[in-house]
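Student: Would you mind keeping the following structure in view while I ask a few things?
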Amino acid sequence: MRKVGQLSLISLSIAFTTYQKIWSGHPFWTFDFFLFTFIAWLIGWHYDKIREFAKQSKANEEGYKLLIDTLPESILIHQNGKILYLNQPFLQLINLSSMDVAIGNELNNFVGPPLTKQLLNAILLEESKSKPVDIEIKSKNGMACFYEVSSYDIKYGNKDVSLTVIKDITLKKEEIRILLQRSEALALLGQMAAGIAHEIRNPLTSISGFIQLLQVNQHENQYIAIVESELERINNIVGDFLHLSKPKEVDLKEQNIEHVLKEVIALLNLKTENHNIQITEEYESDLPDFYLDKNQMKQVFLNLLKNSMEAMPNGGQIMIVVSRMHPEQVLITIKDEGVGIPKEQLPILGQPFITTKENGTGLGLLICYKIIESHKGTLKVDSKVNQGTTVSISMPISIINERKLNV
Ligand SMILES: Nc1ncnc2c1ncn2[C@@H]1O[C@H](COP(=O)(O)OP(=O)(O)OP(=O)(O)O)[C@@H](O)[C@H]1O
Ligand SMILES: [Mg+2]
């Protein structure tokens, strides 16, 4: 702080006392001298303080102005809706060419595109001080522009005011949208690729099995029929994936559940024999035929039986029981004596790509859940580590019969 005020007034007091001593012969070191000098020092000190404060305020204002003028964003300093200062980009935002017209004026007077009422509200909004507010403004030609408005409390000169920064984030938003679109497309592509690989692997396994059998026994025509039907399944699966965007329609036809299950078990015969696995079946007598999508249900049973077999690397028994829970419901359970599923893994079963297998895609159960759901049934997994797993599928016959009436 420069002590111009203090020094001047103290000098004045000394000069005055000296003058009095010379011309009137008064003693120099009087009480009055000390009192006047002290008062002069006090007034001078206050004067210097005020001058310093005014200087600092001016410097603070100038500092803000300098900073704001160099920044590319639209920036405005305002108090109670009145413009105190603004930079060139903000001037363009309110379609003005001269700062003098804007400064000291109410912001309200400049409402008009692109400074819409909505944008003005965001500028004056207290919430924009805690976190930036995003605003979308549609121009007359339908183009959307996006702005991010953030405000801060500042000391401008000696006033408590708001400083608002308005960023045009239209390009950033567009970039994010394109990136998101691209990553969604990539994720979908990856999911589809994994899905196709998974779905096709099952029929390919059975085809290769039957071709091995054909090599041993060349006159077994039934094997050729199975290979043909499995190839047709592959064809159907590829077709299904090509139409993945459309929901998978269930092709309901009256089916005997026992026959469907036996067809799947026949496909796995070679594997079960090689791995010392016995499949036992128990069907309640007088089970009605019901309307199922045979291919889809075969896929369910194949996925579940494969899971059970994979859970018993040293062999064991798989028990299939089909019963009528009550007149309206059929219950199919597949029980194995495999390694079981840890408790914490049970709730996430059916989520895509959850697998504990080296070559698993983790889509098998998800597909089962989806297919059973589309048949208006439910699928439940109970399991205990080292004891085994039971999958229970319940299918409502009434709904199936209703469908039957409609077919
Ligand atoms: N019967 C079962 N016994 C033990 N664990 C099982 C059983 N069924 C499913 N699991 C567990 O659930 C996981 C997910 O099964 P899912 O069938 O969805 O995928 P996956 O078998 O790993 O691979 P894939 O897509 O080839 O079927 C398995 O990796 C396995 O850890
Ligand atoms: Mg599986």
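The values are calculated or read from the model by the stated rules, or taken from the named source; none is laboratory data. Remember, predicted model here, so these are calculated numbers, not experimental data. All Cβ positions, even for glycine, are placed from backbone atoms using ideal geometry, and neighbour counts span all protein chains on display.
Student: So T280 clears everything in (1) at pLDDT 90 or above; (2) in the same structural domain as Q191 (by TED's automatic domain parsing) except one condition, right? Which one?
Tutor: Of (1) at pLDDT 90 or above; (2) in the same structural domain as Q191 (by TED's automatic domain parsing), only one is false for T280: (2).
Student: Looking only at region 127-159, how many residues end up being acidic (D, E) and either without any contact (Cβ under 8 Å) to a residue 12 or more places away in the chain or in a loop (DSSP other than H, G, I, E, B) (or both)? Lay out the reasoning, then the answer.
Tutor: Here is the first cut: in region 127-159, the residues acidic (D, E) are 127, 134, 136, 148, 153.
Among the residues that remain, those that are also either without any contact (Cβ under 8 Å) to a residue 12 or more places away in the chain or in a loop (DSSP other than H, G, I, E, B) (or both) are: 127, 136.
Looking only at that region, the number is 2.
Yes or no, residue by residue, for (1) surrounded by fewer than 20 Cβ atoms within 10 Å (Cβ to Cβ); (2) modelled with pLDDT of 90 or more; (3) closer than 17 Å to I257 by Cα:
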residue: E284; (1), (2), (3): yes, yes, yes
residue: N295; (1), (2), (3): yes, no, yes
residue: G316; (1), (2), (3): yes, yes, no
residue: G338; (1), (2), (3): no, yes, no
residue: I371; (1), (2), (3): no, no, yes
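Student: Let me ask something else. Quick test of your reading of the structure: L180 fulfils all but one of (1) touching a residue at least 12 places away in the same chain (Cβ under 8 Å); (2) surrounded by fewer than 16 Cβ atoms within 10 Å (Cβ to Cβ); (3) not basic (K, R). Name the failing condition by number.
Tutor: That leaves (1) as the condition not met.
Listed here are the residues, each with its yes/no results for (1) under 30 Å from I103 (Cα atoms); (2) surrounded by 14 or more Cβ atoms within 10 Å (Cβ to Cβ).
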residue: S13; (1), (2): no, yes
residue: Q20; (1), (2): no, yes
residue: W23; (1), (2): no, no
residue: F28; (1), (2): no, no
residue: F31; (1), (2): no, no
residue: L35; (1), (2): no, no
residue: W41; (1), (2): no, yes
residue: A54; (1), (2): yes, no
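Student: Based on what the data block shows, is Q345 modelled with pLDDT of 90 or more, farther than 16 Å from K306 by Cα, near ligand 1 (Cβ under 9 Å from one of its atoms) and within 24 Å of the chain's Cα centre (by Cα)? First the steps, then the outcome.
Tutor: Working: modelled with pLDDT of 90 or more: yes; farther than 16 Å from K306 by Cα: yes; near ligand 1 (Cβ under 9 Å from one of its atoms): yes; within 24 Å of the chain's Cα centre (by Cα): yes.
When the stated conditions are applied, Q345 passes them.
Student: Right, next: Could you list, in sequence order, all residues of region 79-98 that are surrounded by 15 or more Cβ atoms within 10 Å (Cβ to Cβ) and within 16 Å of N158 (Cβ to Cβ)?
Tutor: Listed by number, the residues that qualify are L84, Y85.
Student: Could you say whether any residue in region 55-66 is out of contact with any strand residue (DSSP E or B) (no Cβ under 9 Å at 6 or more places or on another chain) and of a type in the set (A, V, I, L, M, F, W, C)? It would help to see each step written out before you state the result.
Tutor: Here is the first cut: in region 55-66, the ones out of contact with any strand residue (DSSP E or B) (no Cβ under 9 Å at 6 or more places or on another chain) are 55-56, 58-59, 62-63, 66.
Those still in the list that are of a type in the set (A, V, I, L, M, F, W, C) too: 59, 66.
Yes, some residue in region 55-66 is out of contact with any strand residue (DSSP E or B) (no Cβ under 9 Å at 6 or more places or on another chain) and of a type in the set (A, V, I, L, M, F, W, C).
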